Structure formats: structure tokens, C-alpha cells
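The values are calculated or read from the model by the stated rules, or taken from the named source; none is laboratory data. This one's a predicted model, so the numbers in the text were calculated from it and none came from an experiment. So basically every Cβ, Gly included, is an ideal-geometry build from the backbone, and we count neighbours across all protein chains shown.
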Amino acid sequence: MSKSSLRDTGLKVGLEIHVQLNTKRKLFCHCPTESTSELNQTMFHRYLRPARSEVGEVDPAALLEWRRNRAYVYMAPSNSSCLVEADEEPPHPLDEESLMVALAVARALNMNIVDEIHVMRKIVIDGSNVSGFQRTSLIALNGYIEVEGRKIGVQTLCLEEDAARKIEEKELEVTYSLDRLGIPLVEIATAPDIDTPDLALKTALKIGQLVRLTGKAKRGLGSIRQDINVSIKNGAKIEIKGIQHLYLIPRVVEYEVMRQLKLLEIREELANRSIEPNQLKPDIVDITRLFQNSSSKIIRKALSNPEGAVLAVKLPGFKGLLGREIQPGRRFGTELSDYAKVWGGVGGIIHTDELPAYGITSDDVARIYSEIGAEPGRDAIVIVADLRYKGEKALLAVVERAKYAFKGVPEETRAANPDGTTRYMRPRPGAARMYPETDIPPIVVTTDLLAKAEKYVPEHPDLKYKKLVELHGLSSSLAQALLNDLRLDFYEYLAEKYGNSVPYTVIASILVNIIPALRREGLPVDEIGDEVLEDIVKALSEGIIVKEAIPDVLSYLVKNPGASVAKAVEDLGLKKPGISELDDLIVSVINANKDKLLSRSDKAFTIVMSEVMKTVRGKVDGKIVAERVKTKLREILNIT
Ligand SMILES: [Zn+2]
């Protein structure tokens, strides 16, 4: 979609960025924030149920999880979890270091800091918190951040505890590790001031960078996580969770706009067809007997269980709509299927817009239509083959979702897929999910506390720019690009450590030129750890590789996770020839082209140079090659 057509949709995007802090201890206990792998772990089980909030309501998202009736298994490593994570001991006082960092970030985001901090419990019963709630506290309100000359509102900054790490998910049992539970997170929520996918990315990068510049953010995969809210005119505010990388944000936004527009088209089509929502009835029909001799594998598998059944429901007037694509590779039928999966726990649905298929013949389809009393030219039918009780729940959810098609876009929380499309996850949580944490007294934000926080406030970008240009000699464009790069703090670290032997421009260029170029080629460069990048810079400083070889070495390391720079050098044939080997090569090139070189002595240098570089590019610095070529031409042919 073009920028202007996106603007015409009334696109509004808000971000919620979570950054893990690298503090000495966890937020509410004295365990370290380093995840440590440990074989000796204790394990325990829990069931969770929703509690009523302060206003006496039960949260819809919490209710969904409870209905799933799952057991939660927790793995508790003794060196990174204690009785607090297991909810067997009250929380310790809030970690002061985390609070300092949160206050510093709030200052840098021009926010109003609260007078008194109250720790609250937010109901979360997907098992990711042993207690059934996450502790969170509002630190500051109403600030802004400048991105590309725009002022983007920052609504809230909260300090909260990270959830447990999901290890495995089965239908009735989810396993979590407690090493991550309780690691401090700052959560920054922007206003929905963002109106293009690109600005959403730039804002997310800027916020992530700002927290990192405190020097107290964790790095690496999963240390920054982002949720986004997307809405368009006449659509709905959709919350999207679990976006793998910051760089996926623009695509997720675009696909969500596409989805909402397509759902609005379906609404219009239903109106054109004069279909009314009250024509949709939750009348589930058992059509098992039609499939006694079916050759469909899906159906035979379902019916192999004595509780198995084939159930169907009619969607009057929906023919053709279920097959409509609403995101790349996803149809309106997929949206219905998501509801069936989440609410009924079934593997999926079959609908008549995709039949005949899956071993269901056109004769079968005709029989289904007649059994249900549906019109083949007008109605769609949704079928589920599974355990009867699951199939019933699934089809009721399908009817509810189909009814929503008359309104357009249902408000919901969606989960991002790795390709940038999204799937239904759960209803939007209500406001009724907070209640006070009674184990921790309120914390007064004193001037003393604010003064202590001052040392973490990141340097202003203008000062950074000046330093990069004047002290490091970076070009204005390179410095500007670095100021917009998430790894600005990492650049500063590398520059400090290797700046004596590797030019600053080369270090900067790895981050802002080479990595983005490889990303455009589709390589998963964002999964690469900073330690790998440091290894490359170290190899440069030790003369093991030359700067021309960086793109090849980096893409090798992306494709071969865990490999060393030395292995890359060997496998890519980048082993540096010694001076005598280089001389041998030059001499052989000169000897092979003697006549040509003598007759065109003005071009001799260029000819030999280009021939030799074909072999040694990426292995030897061009300056050294040029020097040796000149020497040899003079020695052998007396050409200067
Ligand atoms: Zn602990």
C-alpha cells in the first residue's frame, strides 16, 4: 500500500515496548536477573482460576484461560528462582536500581513522574505468573518522544515484573521456567499518534535505543518485546502481541490494515445481499451418519474415537465469503477457524467454500447441503470433525464470530505470526483486571530518589551527534544513521574497546550499512547476538579479516549459528595469503601478460591490479596489494 492510501484509511498505531533491565537482582526478590541453565531443577504443578476485581467483575480474557482447564508445570532452577517466584513467600521490597532506571527513562521521555508509586496486581492466568497476577506499577505519565521531527505522545511508563518463560505447550498442560519470572521490565506505551508503518518502526527503535542508553538494558533476542495497537476508520482497535522483531512491525501494521479493510468489504457485501444477523442461528446439526464410509482421513480419524462426531452449522448468505483472502495466505474462513481452535480446542474447521477437498467429494457436499437444508448457491456450511463436546463449542464460537461480520471488525487481541500476518488469540482484556498489591507499601518519589536516578538519564541526541562527528570523524549521514540505530550503545562500547585499531567508520558501517543490507536480502540478521558482532570487530582489529570480507563473514555466521569467525574465514577461503604468496601471485600475473604490459605500460598497473584482486579480494587490504604490484612491476619490467 502506498503511504497516501494508508493515510486515507485513518490509520492509527500505538506501541507498547517492553525492555528487560539488566539489574543485579529481580524486581521483588534477590535472585539474579541472569538466566542460568541448570539441570538440577525442582518442579511443581498449579491450577489457576480467575478472581473478581475491585469492581467485582471477572475479566473475559482470564475467563477464557480458566475454561481451558489447563494444568501449569513450573521448572524452578535454584540459582535463578526462590520461594517468591513460587508464590510461597511475600515479595521483597521493590528493587531500587530498577526504579532508578525507570525514573531516568521517564525523564528522558519528558514525562510527569508520579508522587507515589503503588504496586498493583494485574490478573494474568495463562500460567505465565505462578500467582495468577503480574505486579506492575505506574511510574510516569504524559510525555513525548521526537521521531523524524514528529512529536509522538508517550502515555504511560510502568515498571513491572517479567513473566515466566514458556518451555512447552500441550493441550491440557503448559510448562514454564521460572528463571525469567520477576526480571524487571520497563513498559512504555505511546499514544496512537503514529500514522505510517515506517514511523511505527522508527518510534519503536528510538524508544528501545533510549532505554539501552541508560546502560542498564538487557541485550539480545527477547530483551525487547513489542505489542502494537492498530486501528483504522470504521474498523476497531486491535491489540497485536508477540511480534518477533522490531523490524516486523511495518509489515504487521500493513497486514492489519489490509485485514480490517477486507472485513469492512465483507460487511458491505452482506448488506448488499440483504442478510441479517438474526438469520444466523446456533443450530448445530450432527451429520456423522453421512460419513460412515468416508475416505477422508480427517473425518476417519475423528470418528475412530467413540466420542467423535461430524457436526455442521449453516451460515446463511455467506457463500463465497469464507474463501475471501483477508491477509496473505489467510481467508475469512481462517478467522472463523481461529475462533474454533481457541474456544473449542479443535484442530480447525472445514468449510464449503474450500470443498471438495480433504477427501470430501462433491457428492458429499451435495448431501450435506440437503441434510442441513441449506441453499448451495447462497449459504456456506462450516463443519468440524472432532470430539463431540469440542465440536459443539467450536461451532458456537464460529457462529458468534460470523455474526460479528455484520458489524465489521471485532475488538480482539491477536498474536503475530512470523510472516507478519496475525491470528485471533483472545478477547480484549477488560479494564477490570487490576487490584492493589497489599504486600508492598507505596513508595514516595523523593527529590533524593530523583537525584540518584539522574546518572542513568541518557545523553541528549544532539550531544551524541557532536561527539560522533567531531571526535570519531564520522560523516554526518553515518552519525545520523547511528543515532537512529538500536545498537547505538553497542557502537559506543565497540568504539571504546577497538577504536585504536579499527576505524570508527568501519565499526559504524557494520551496524548501519552492512546489517541493514543483509536484512534486505532476507537474512535473519536480527537473531545475531552482539557477541558475534564483537567477534568480527575483534578479528578486524587483529588483522584476521579485512573490512571487505565483513558482509561475507557476517552472512556466513547468520547462516551457521554457533560457528566462529575462524571457521568462517576457513570455509569462505578468506585465509590471508602471506606477503611471499602474494608476491608469487603478482609475479605470475606479470609473467603471463608480459607483452601486453610492455606495450601498454601506462595501463600496466591497472591490468595487474585488477587481475590480482580477483583472487585476493576480501583477503588482503587493497593498499598492500597496490604497493606490492608497483614494486614487482618496477623490479621485473622496469615499469614505474
Ligand atoms: Zn527469587
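Structure notes:
- Some residue of segment 4-25 being modelled with pLDDT of 85 or more, within 16 Å of the ligand (Cβ to nearest atom), part of a loop (DSSP other than H, G, I, E, B) and not β-branched (Val, Ile, Thr): yes
- Any chance Gly143 is without any contact (Cβ under 8 Å) to a residue 60 or more places away in the chain, away from the ligand (no atom under 16 Å from the Cβ), buried (at least 20 other Cβ atoms within 10 Å of the Cβ) and at negative phi: yes
- Any hit, segment 147-160, residues being in the same structural domain as Asn22 (by TED's automatic domain parsing) and within 16 Å of the ligand (Cβ to nearest atom): yes
- Residues that are among the small types (Gly, Ala, Ser), surrounded by fewer than 21 Cβ atoms within 10 Å (Cβ to Cβ) and under 41 Å from the mean Cα position of the chain (by Cα) within segment 359-392 comprise just one, Gly359.
- Some residue of segment 168-176 being touching a residue at least 12 places away in the same chain (Cβ under 8 Å), more than 16 Å from the ligand (Cβ to nearest atom) and either closer than 22 Å to Leu213 by Cα or β-branched (Val, Ile, Thr) (or both): yes
Residue by residue, here is whether (1) modelled with pLDDT of 90 or more; (2) surrounded by 20 or more Cβ atoms within 10 Å (Cβ to Cβ); (3) away from the ligand (no atom under 16 Å from the Cβ); (4) outside the structural domain of Gln209 (by TED's automatic domain parsing) holds:
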site: Val58; (1), (2), (3), (4): no, no, yes, no
site: Tyr74; (1), (2), (3), (4): yes, yes, no, no
site: Ser78; (1), (2), (3), (4): no, no, no, no
site: Glu89; (1), (2), (3), (4): yes, no, no, no
site: Ala102; (1), (2), (3), (4): yes, yes, yes, no
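- Checking Ser337, Ser295 one by one, the residue that is polar (S, T, N, Q), crowded, with 18+ Cβ neighbours inside 10 Å and not in a strand (DSSP E or B) is Ser337 and no other.
- From Arg259, Arg267, residue being outside any loop (DSSP other than H, G, I, E, B) and touching a Gly at 6+ places or on another chain (Cβ under 8 Å): Arg267
- Residue match in segment 551-571 (condition: loosely packed, with under 13 Cβ neighbours inside 10 Å, within 24 Å of Ala626 (Cα to Cα) and small (Gly, Ala, Ser)): no
- Qualifying residue in segment 210-227 (condition: part of a strand (DSSP E or B) and out of contact with any helix residue (DSSP H, G or I) (no Cβ under 9 Å at 6 or more places or on another chain)): yes
- Enumeration of residues in segment 523-559 that are part of a loop (DSSP other than H, G, I, E, B) and among the polar types (S, T, N, Q): none
- Failed item in (1) among the hydrophobic types (A, V, I, L, M, F, W, C); (2) at pLDDT 95 or above; (3) over 26 Å from the mean Cα position of the chain (by Cα), with Ala416 passing the rest: (3)
- Considering segment 77-103, and only residues there that are aliphatic (A, V, I, L, M) and in a loop (DSSP other than H, G, I, E, B), the residue that is nearest to Val119 (Cα to Cα) turns out to be Leu94.
- When residues in segment 558-575 are screened for being touching a Leu at 6+ places or on another chain (Cβ under 9 Å) and touching a residue at least 24 places away in the same chain (Cβ under 8 Å), 4 of them pass.
- Listed by position, the strands (runs of 3 or more DSSP E) enclosed by segment 116-188 that each have at least 1 residues that are within 19 Å of Gln226 (Cα to Cα) and of a type in the set (A, V, I, L, M) are 133-147, 150-161.
- Odd one out for Val546 among (1) in contact (Cβ under 8 Å) with a residue 40 or more places away in the chain; (2) among the aliphatic types (A, V, I, L, M); (3) under 23 Å from Arg520 (Cβ atoms): (3)
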